[in-house]
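What follows is a set of notes on a single structure, which appears directly below.
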Amino acid sequence: MKAQSQSMLCFMFLNIILQASLPGHQFLAEAAGGGTWKVLQSSIGITAMHMQLLHNDRVVIFDRTDFGKSNLSLPDGKCRQDPTELVLKTDCTAHSIEYDVLKNTYRALMVQTNVWCSSGSAMSDGSLVQTGGYNDGEKKIRTFNPCNDGTCDWDEKDGLVARRWYASNHILPDGRQIIIGGRRSFNYEFYPKATAPNTYSLPFLVQTNDAKVENNLYPFVFLHPNGDLFIFANNRAILLNFATNKVTKTYPTMPGGYPRSYPSTGSAVLLPLRNIQSSSVEAEVLICGGAPNGSYTSATNSKFVTALDTCGRIKITDANPKWVMETMPGPRVMGDMTLLPNGDVIIINGAKSGTAGWELGRDPAYSPFLYHPNNTIGSRFETLNPTTIPRMYHSTAVLLSDGRVLVGGSNPHIAYEFSGVMFPTELRLEAFSPPYLDQQYGNIRPKIVLPASQVDIVFGQKLKVRFIVKGALDKNSVVVTMVAPPFTTHSFSMSQRLLVLGTGTPIDLKKESKYEVEVTTPPKGNLAPAGYYQLSVVHQNIPSPSIWVHLN
């Protein structure tokens, strides 16, 4: 074991030297270190292809139904009867679970139709609405209403007009979801439907479709501060007024022209929105990783091309926006980009070569990268401590209320395969604790005492947040943030956004190390659609555990 560890360290060192010496690559990573990993469950019975954190601190996780039995039985002798299913017409195993974060327990849920490569978003009332899938599930609407007594389960109905397989969803300011694209679906539609159940053509999805490869599935979609939608597919983006079905801006192609969408899968985030009371709020999108042109075809012929190690950052609100390119500490495809409550971005999971798809990835990317958006170029990336578990195709990651990142999934096979394969089907669930959770920061870590979690707030409200800091408080280093919990699958976290509510000067309450800061909630739904958010106080870049607030 010691020799193996020394070999791995030697390999990592040589790889770092190689990356630093490549032409045009400025070496940006700090020495590996920071953060800790912990396996939470040795098996949850299913692989975590899709995840959504709900406002009761439970995570709904699901896989697909068409590969056969999972490793978790349905309760009380239940069985799924589906004459259209491709493998088992009668299936008494679960393909979805509810994971209780606080108790570290899970229970089986029952999906009736195939949720393979589907999409979704939390609604304003906190329910999860999940759409599409494959075969009998491709036009289904599924709703999960959170509960605390273990009785809630999936409710399914017909409701989509077009087939939605590899589509992307986003919650809208009016409370609806928009469902965009999917395999051979070059259009969008809404749920719920206020008028006739129409679809709306989106030629951009035709234009970005690479023949026989696609490279435009699971498009990256973000709500612009003006209420339009930024939509990125393949290597370029548009701004869409979805109400009029008009493209209001065409953004420049990302330099290099490399594809960043499935199956050349990169990842993307809308960076934290600041100065949200301003009449003109700036918004930036960051897109990292992916695979060079031709990588998918090469991988199908057992030639695995090194993934992209670049990121593109663009101010989508600029009159004449331009991409600014940056270099990661290493290549990555199929990574997950997750916003942390202090405004940093963690890039986690994935591979260093190949693409998304069955058996098409190689060289697991064990070490997360941490991206500091406010640092200068050249000092934004940090390499964190590695996991020991490969998280390849069909892996996921979500932020938890205590600041950890929940990580699951990885199944690059058509069925569940546990032996005789390079990357066995992964049923373990683990958590990564970013460096800000280190015990050394205990004295400066805030803890919110008021308001209580689950509090209702409204747009433009003056909100007083009371918190405790045991050590000395730096009054100039306190901010309050709120994060929308996303629906995560295939390296994209749908409806993910973080808002900085303000940097007000805290008032010392002169007892029990308590302080109070007043901030103003977002003024409108274009910045923060109604729904549940994780609210945190951040002190010297160290976030508190979050509380849930319900923006009505």
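Restricting the search to the stretch 68-108, which residues are without any contact (Cβ under 8 Å) to a residue 24 or more places away in the chain and among the β-branched types (Val, Ile, Thr)?
Correct list: VAL87, THR90, THR105.
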Which residues, taken from the stretch 80-90, are loosely packed, with under 14 Cβ neighbours inside 10 Å and either out of contact with any strand residue (DSSP E or B) (no Cβ under 7 Å at 6 or more places or on another chain) or assigned to a loop (DSSP other than H, G, I, E, B) (or both)? PRO83, THR84, VAL87, LYS89
Limited to the stretch 169-209, what total is found for residues that are touching a residue at least 12 places away in the same chain (Cβ under 8 Å), touching a strand residue (DSSP E or B) at 6+ places or on another chain (Cβ under 9 Å) and outside any loop (DSSP other than H, G, I, E, B)? 17
Some residue of the stretch 21-43 being among the β-branched types (Val, Ile, Thr), modelled with pLDDT of 95 or more and open to solvent by less than 30 Å² (accessible area, probe 1.4 Å): no
Residue match in the stretch 151-173 (condition: open to solvent by 20 Å² or more (accessible area, probe 1.4 Å), within 22 Å of ASN226 (Cβ to Cβ) and not basic (Lys, Arg)): yes
Starting from residues that are among the polar types (S, T, N, Q) and not in a loop (DSSP other than H, G, I, E, B), keep the ones in the stretch 52-79 and report whichever is surrounded by the most Cβ atoms within 10 Å (Cβ to Cβ). GLN52
Looking at the stretch 91-108, which of the residues that are open to solvent by 70 Å² or more (accessible area, probe 1.4 Å) and more than 11 Å from VAL60 (Cβ to Cβ) is farthest from the chain's Cα centre (by Cα)? LYS103
Could you list all residues from the stretch 511-552 that are closer than 19 Å to ARG176 by Cα and modelled with pLDDT under 95? ASN552
Is at least one residue of the stretch 296-310 polar (S, T, N, Q), part of a strand (DSSP E or B) and open to solvent by 10 Å² or more (accessible area, probe 1.4 Å)? yes
Members of the stretch 165-218 that are charged (D, E, K, R) and under 23 Å from the mean Cα position of the chain (by Cα): ASP174, ARG176, ARG183, GLU189, GLU214
Exclusive hit being farther than 28 Å from SER168 by Cα and open to solvent by less than 20 Å² (accessible area, probe 1.4 Å), set VAL465, VAL500, VAL449: VAL465
Checked the stretch 230-258 for anything open to solvent by less than 40 Å² (accessible area, probe 1.4 Å), within 20 Å of GLU189 (Cβ to Cβ) and not in a strand (DSSP E or B); matches are PHE242
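Inspect the stretch 315-324 for any residue being of a type in the set (A, V, I, L, M, F, W, C), at positive phi and in contact (Cβ under 8 Å) with a residue 40 or more places away in the chain and give the result as yes or no.
Checking the stretch 315-324: not a single residue is of a type in the set (A, V, I, L, M, F, W, C), at positive phi and in contact (Cβ under 8 Å) with a residue 40 or more places away in the chain.
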Sort out which residues of the stretch 327-355 are open to solvent by 10 Å² or more (accessible area, probe 1.4 Å) and in a strand (DSSP E or B), and write them in order of number. THR327, LYS352
Using beta carbons and a limit of 6 Å, which pairs, at least six apart or on different chains, have the first residue in the stretch 157-168 and on the phi > 0 side of the Ramachandran plot and the second one open to solvent by less than 50 Å² (accessible area, probe 1.4 Å) and among the aromatic types (Phe, Trp, Tyr)? TYR166/TYR218
Residue selected from the stretch 348-400 under the condition of a type outside the set (A, V, I, L, M) and touching a Lys or Arg at 6+ places or on another chain (Cβ under 6 Å), by the criterion farthest from PRO412 (Cα to Cα): HIS372
Do we have any residue at all in the stretch 316-324 that's at pLDDT 95 or above, surrounded by 23 or more Cβ atoms within 10 Å (Cβ to Cβ) and of a type in the set (A, V, I, L, M)? no
Count, please, the residues in the stretch 531-552 that happen to be closer than 25 Å to MET123 by Cβ and surrounded by 21 or more Cβ atoms within 10 Å (Cβ to Cβ). 10
THR481 being hydroxyl-bearing (Ser, Thr, Tyr) and in contact with a Pro (Cβ under 7 Å, 6 or more places away or on another chain): yes
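The values are calculated or read from the model by the stated rules, or taken from the named source; none is laboratory data. Computed from a predicted structure; not experimentally measured. Glycine gets a Cβ as well: all are built from the backbone with ideal geometry, and neighbour counts include every protein chain shown. Remember, those area values only see protein heavy atoms, side chains included, never the ligands or the DNA or RNA. Shrake-Rupley method; radii C 1.70, N 1.55, O 1.52, S 1.80 Å.
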